[in-house]
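These notes concern the structure reproduced below.
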Amino acid sequence: MMDPIADMFTRIRNASAVKKPELVLPLSKLKYEIAKILESEGWIKHTEIIPGGLNGRHSSFDQLKIYLKYHKSGQPQISTIKRISRPGLKFYVNKNELPTVLNNFGMAIISTSKGLMTNREAKKQKIGGEVLGEIS
């Protein structure tokens, strides 16, 4: 797999489109941190780690389980989720160029020297970095 973050975003987008309550994907520290940011910002319900061999598929690798969030009308909480910085084209911003997503109704995930954070947190800390993706 060339871009595991893009794969994660595509799986979330596809599961939301068919209104699945949860999805399971291979675990990595970066994907787990992204899922924790999505959870803390209210875009998903919950995230958990499934130890290898316990999910019924007899996988020896740990997996990440994400519980999606929907409005009362049945519409998914995440309407768009897209990858900005790709392996072939990195997109870096400094503290003055941090993106504003959907007039602050959305958010961007920034990889900084102090770890992953939202665009609002990066503005507060006055730090730039690589824009991994945008959610709205």
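With axes computed from alpha carbons, what is the tilt in degrees of helix 29-40 against the longest principal axis of the chain, rounded to the nearest 10 within 0 to 90?
80
For the pair Ile127/Arg86, report the inter-label distance in nm, with labels modelled 7 Å from Cα in the Cβ direction.
Simple spin-label model gives 2.8 nm for this pair.
Once you put a point 7 Å from the Cα of Asp62 and another 7 Å from the Cα of Arg120, both along the Cβ direction, what distance in nm separates them?
Label at Asp62, label at Arg120, 2.9 nm between them.
Can you list residues whose amide H is under 5 Å from Glu22's amide H, if they're 5+ apart or on another chain and H is modeled 1.01 Å from N?
Amide H neighbours of Glu22: Leu68.
Net charge within 11 Å of Lys123 by Cβ-Cβ distance, Lys/Arg positive one each and Asp/Glu negative one each, not counting Lys123 itself?
Net charge around Lys123: +2.
Need the full-extension length gain, Lys45 to Glu33, defined as separation in residues times 0.36 nm minus the C-alpha distance. One decimal, nm.
Full-extension gain reported as 2.8 nm.
Going down the list Lys20/Lys124; Lys36/Lys69; Lys19/Lys123; Lys19/Lys45; Lys36/Lys95; Lys36/Lys114, which pairs span over 25 Å between their C-alpha atoms?
Lys20/Lys124; Lys19/Lys123
Relative to the longest principal axis of the C-alpha atoms of the chain, give the angle of the C-alpha long axis of helix 4-17, reported between 0 and 90° and rounded to the nearest 10°.
Result, in degrees: 70.
Only the coordinates and a few stated rules stand behind these numbers; no lab work does. Quick caveat: nothing in here was measured; it's all calculated off a predicted structure. Cβ atoms come from the backbone with ideal geometry, glycine included; neighbour counts cover every protein chain shown.
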